[in-house]
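Enquirer: Let me give you the structure first, and then I'll get to my questions.
The values are calculated or read from the model by the stated rules, or taken from the named source; none is laboratory data. These numbers come from a predicted model, not from an experiment. Counting neighbours? That spans all protein chains shown, and the Cβs are built from the backbone with ideal geometry, glycine included.
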Amino acid sequence: MTDYKARKEQLIDHYRRRGYVKDEKAFDAFLQVPREKFIPEKMSSSAYLDHPLPLMNTGQTISAPHMTIMILDYLELAPGQRILEIGAGSGYQAALIAAIVAADEAPGHVYSIEIVPKLVEFARKNLTQAGFNQAVTVIEGDGTLGYEEEAPYDRVILTAAGPTVPPPLIKQLRVNGTLVMPIGRPGLWQQMNRYRKVSDTEIVEERLSSVAFVPLRGKYGV
Ligand code: SAH
C-alpha cells in the first residue's frame, strides 16, 4: 500500500516553499481528494508524481497536481459557489473544486461538461468512487456552449485551451463572477487568463501564467 498521505504532504511542502499557492483551502482540498481514484488502477503508483497523466487512450490528459491546485487559487473559491467546468476528463479537478464549494454541506455545486462520451462515463465512475457524485454533475456535450439550464455561475473554468473566450460562457457568468481559461494555440504554451465580468457589458482581463493544455474542441474551440 503506497503512502499517499506522506507523498501529498511532501508536494504541499514543496508548493508552499515555492509560493505556488496562496489559498490554504487549496491544500485542504488536495489532501481530501484521492487522485489515485481518478486514474487507471495500473498507474496508481504515479498518482502523486508532479506531472500530467494520460486519460486512457483518448489523447487527453489529467493535469499535473501543481496545475490543478493553482487553478483552485485562480478561481478564488468559497463555500456555496456554483461552478461550471469545461472538460471533465477524469473528474479530478471537479472533485477538488467541489471539496471547497460544497465543504461541510455548503450548497455549492460543480457542473462539468465533457465532449468525449467515454470520458463522461469515466468521470462519473471516478466521482462516485471518491464520494463526490452528490456535489458534481457531469454533462455530456460541447462545453463551449455552456449549460444554460443551471446558469448563472459564480465561476467558469476551462481545462482545455482555445483561441478566445466562448461567448455563451460569458453570458452564463454572473456579474462579479470570473472565468479562468488557457488562451492560445495547441502544441505551444498558452496564456492562462482570468476574466472578471464587472457588468453585463464589461469584462476585465488579467494574465496569470504560462500553461500547456490540450485543445478545446467544439463550436468555439480550435
Ligand atoms: N479537468 C480534467 C482534465 C481535462 S483534459 C481532469 O481533471 O482530469 C481536457 C478535457 O477537455 C478532455 O477530457 C477533453 O475531452 C475535454 N474537452 C475538450 N473540448 C471540450 C468541449 N468543447 N466541451 C467539453 N469538453 C471538452
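Enquirer: Since Lys118 meets every condition but one in (1) within 17 Å of the chain's Cα centre (by Cα); (2) within 14 Å of the ligand (Cβ to nearest atom), which condition does it not meet?
Expert: Result: Lys118 fails condition (1) only.
Enquirer: Further question: Can you list the strands (runs of 3 or more DSSP E) found entirely within the stretch 46-155 that contain at least 2 residues being of a type outside the set (Val, Ile, Thr)?
Expert: Correct list: 53-55, 82-86, 109-114.
Enquirer: I would also like to ask the following. Return the total of residues in the stretch 106-140 being among the aliphatic types (A, V, I, L, M) and either modelled with pLDDT under 95 or more than 27 Å from Lys219 (Cβ to Cβ) (or both).
Expert: 3
Enquirer: Here is a further query. For the stretch 192-215, does any single residue satisfy the condition of being under 16 Å from Ala88 (Cα atoms) and surrounded by fewer than 22 Cβ atoms within 10 Å (Cβ to Cβ)?
Expert: Yes, the stretch 192-215 contains a residue that is under 16 Å from Ala88 (Cα atoms) and surrounded by fewer than 22 Cβ atoms within 10 Å (Cβ to Cβ).
Enquirer: For the stretch 197-222, enumerate the residues that are in a loop (DSSP other than H, G, I, E, B), more than 16 Å from the ligand (Cβ to nearest atom) and of a type in the set (Ser, Thr, Tyr).
Expert: Thr201
Enquirer: If you don't mind, there's one more thing I want to ask. Among the candidates Ile115, Ile97, which residue alone is within 22 Å of Ala78 (Cα to Cα) and among the β-branched types (Val, Ile, Thr)?
Expert: Ile97
Enquirer: To continue, here is another question. So, in the stretch 33-45, of the ones that are more than 10 Å from the ligand (Cβ to nearest atom) and in a helix (DSSP H, G or I), which residue ends up nearest to Phe132 (Cα to Cα)?
Expert: Restricting to residues being more than 10 Å from the ligand (Cβ to nearest atom) and in a helix (DSSP H, G or I), the top hit is Lys37.
Enquirer: Still on this structure, please answer the following. Which of the residues spanning the stretch 124-157 are under 12 Å from Phe38 (Cβ atoms) and in contact (Cβ under 8 Å) with a residue 60 or more places away in the chain?
Expert: Scanning the stretch 124-157 gives Asn126, Gln129, Ala130, Phe132.
Enquirer: Sticking with this one: Could you check how many residues of the stretch 73-111 are more than 10 Å from the ligand (Cβ to nearest atom) and either acidic (Asp, Glu) or under 15 Å from Leu31 (Cβ atoms) (or both)?
Expert: So the answer is 8.
Enquirer: Condition test on Gly187, is it of a type in the set (Gly, Ala, Ser), modelled with pLDDT under 95 and assigned to a loop (DSSP other than H, G, I, E, B)?
Expert: For Gly187, the condition - of a type in the set (Gly, Ala, Ser), modelled with pLDDT under 95 and assigned to a loop (DSSP other than H, G, I, E, B) - is met.
Enquirer: Checking Phe30 against (1) within 13 Å of the ligand (Cβ to nearest atom); (2) assigned to a loop (DSSP other than H, G, I, E, B), only one condition comes out false. Which one?
Expert: For Phe30, the failing item is (2).
Rundown of residues vs (1) of a type in the set (Val, Ile, Thr); (2) crowded, with 23+ Cβ neighbours inside 10 Å; (3) farther than 21 Å from Gly162 by Cβ, yes/no style:
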site	(1), (2), (3)
Ser45	no, no, yes
Leu49	no, no, yes
Thr58	yes, no, no
Thr61	yes, no, no
Arg82	no, no, yes
Leu96	no, yes, yes
Arg124	no, no, yes
